[in-house]
Every structure is written in structure tokens, then in C-alpha cells.
């Protein structure tokens, strides 16, 4: 297991890793043949994907600059998901935008000598609050989807509800510097990949496939930092 963690951290810290991620998403965008017929949803998805990839890589590395790129990323992702009818995936981005502003100032105040954010551990009481908040967010999205009148299949509705709930909770824990946030991102990324394959958005599906690996890298990186502290 230690060798596996070391291998994941080595890939995440490699200077070519961000370039590979951007190339991977660019190939997915080119697969949609944008030079023949430019699809607005795919074009916006591509912009959000590039910003989002750089954002999560920097956040996994505990760099505060990731919060700045996060604001651009969530704007693009929100529009793209809304155009695809994925309300559960688009609504949390309003919250993400505000949380990145909060994180920008909070992370600035809690940095070590290397300008990396200090990591916190989640205790049992905080875990209980997290679980309660997650359940409340899931039911809130069910109500909101019905109130807006979005026509989702049962699969879309259930998946979107959990994406909404997990996203709200994971982002809160991330901005509060709890390492546990990355476990929730792993689950969320799997759900988003499946949803965007179902709704035929290859760009976001590819983006979140990389997010999935990056979340696993975030677990290893933050846990290592937590042990050192």
C-alpha cells in the first residue's frame, strides 16, 4: 500500500501531470469535431474543464491559487451542466463559487512555511454533522428539482441528488481544510462520470475521470501532510 501511495504521489507531483490532464480533455473536445459544428455546451464545457483541472491539481497540492481558478471553472461547468439538464450537477456550482472566495482568505491565513495550506483531521462529532448535512442536501435537491419542474429520468434524479449533496459537503470540508473531503470527491466523481456518459457529454465525463485520479492523489498528499503535522 505504501508503494501504491508513493506511486500516486509521484505522478501527482510530476511537472508533466497538469499538461497531460489538459491534453486528455482537449482530445475529448476535439472528438466532438468542433471545427465542423461548434456545440455551445461542449465549448463552455471545455473552458470549464481546463480551469477545473488546474484548480483541483493545485488544491490537491494544497496551493491557494487553486481557489482563483476554481471560480472560473465552476462558472463554465454550471452553464454546461444546466444546458444538459443536469440540475443537480449545476446548482452546487453557485455555492462552489462563493466557497472559493471564502477559501481564498481562509487558506491564506493557514499556511505553513512552504506556502501550503495546513491540513485538519475530522473528529467523530464533525463526521456526524457532515452526515446530517449530506442527507439534508440530498432531500433539498429533490424538492428543488421538483419546484423548478425539470424533467429528469429516475436515474438522473437520484444521481443528481447525491451529486448535489456530496458536492456541497465535500466542498465545505475542502475549504475548511479537512482531509476527509477527498474521499467524498472520489464518490462524487464516479457518479458524475456515469451521469455525463448517460447524457452524452464526453468532455465533462473525461474531465471527471481525471478528477477521480486527482481525488485519490489528494487523499495521499493530504494524509501524508497530516501525518507530518
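What's the FRET efficiency of residue 15 with residue 110 using the Cβ-Cβ distance as r and R₀ = 35 Å, to the nearest 0.05?
With R0 = 35 Å, the Cβ-Cβ based efficiency is 0.85.
Please rank 68, 56, fewest neighbouring Cβ atoms within 10 Å first, as an exposure proxy.
If I rank by nearby Cβ atoms, fewest first, I get 68, 56.
Just the Cα atoms of the range 186-229: what Rg and Dmax do they give in Å?
13.2, 44
Can you quote the Å³ per residue value for the convex hull of the Cα atoms in the range 99-138, rounded to an integer?
Numbers: hull volume 3.4 nm³, N = 40.
Expressed per residue, the convex hull around the Cα atoms of the range 99-138 is 84 Å³.
Any idea what the relative contact order of the range 1-79 is, in percent, if you count C-alpha pairs under 8 Å spaced at least 6 apart?
Contact order relative to length: 27 percent.
Take every Cα pair under 8 Å in the chain that's 6+ residues apart, average their separations, divide by the length, and report that relative contact order as a whole percent.
Result for the chain is 24 percent.
Would the range 66-185 count as rounded, prolate or oblate if I go by the C-alpha gyration tensor, calling it rounded below 1.5 in a/c and otherwise prolate when a/b exceeds b/c, oblate otherwise? Display every interim value, and only then the final one.
Details: a/c = 2.97, a/b = 1.56, b/c = 1.90.
Oblate is the answer for the range 66-185, as a/c is 1.5 or above yet b/c matches or exceeds a/b.
For the pair residue 65 and residue 132, what calculated FRET efficiency results from E = 1/(1 + (r/R0)^6), where r is the Cβ-Cβ distance and R0 = 30 Å, to the nearest 0.05?
0.40
Between 81, 14, 189, which gets the highest mean-square fluctuation from a Gaussian network model of the chain, Cα cutoff 10 Å?
Ranking 81, 14, 189 by mean-square fluctuation puts 14 first.
So for the chain, considering every pair of alpha-carbon atoms, how many percent are separated by more than 24 Å?
42 percent
Starting from the Cα gyration tensor of the range 117-229, take the square roots of the eigenvalues, sort them a ≥ b ≥ c, and report rounded, prolate or oblate (rounded when a/c is under 1.5, otherwise prolate if a/b is larger than b/c, else oblate).
Verdict is oblate for the range 117-229.
We did not get these values from a lab; they are worked out from the coordinates using the rules stated. The structure presented is a predicted model; accordingly, all values stated were derived computationally and were not measured. Cβ atoms come from the backbone with ideal geometry, glycine included; neighbour counts cover every protein chain shown.
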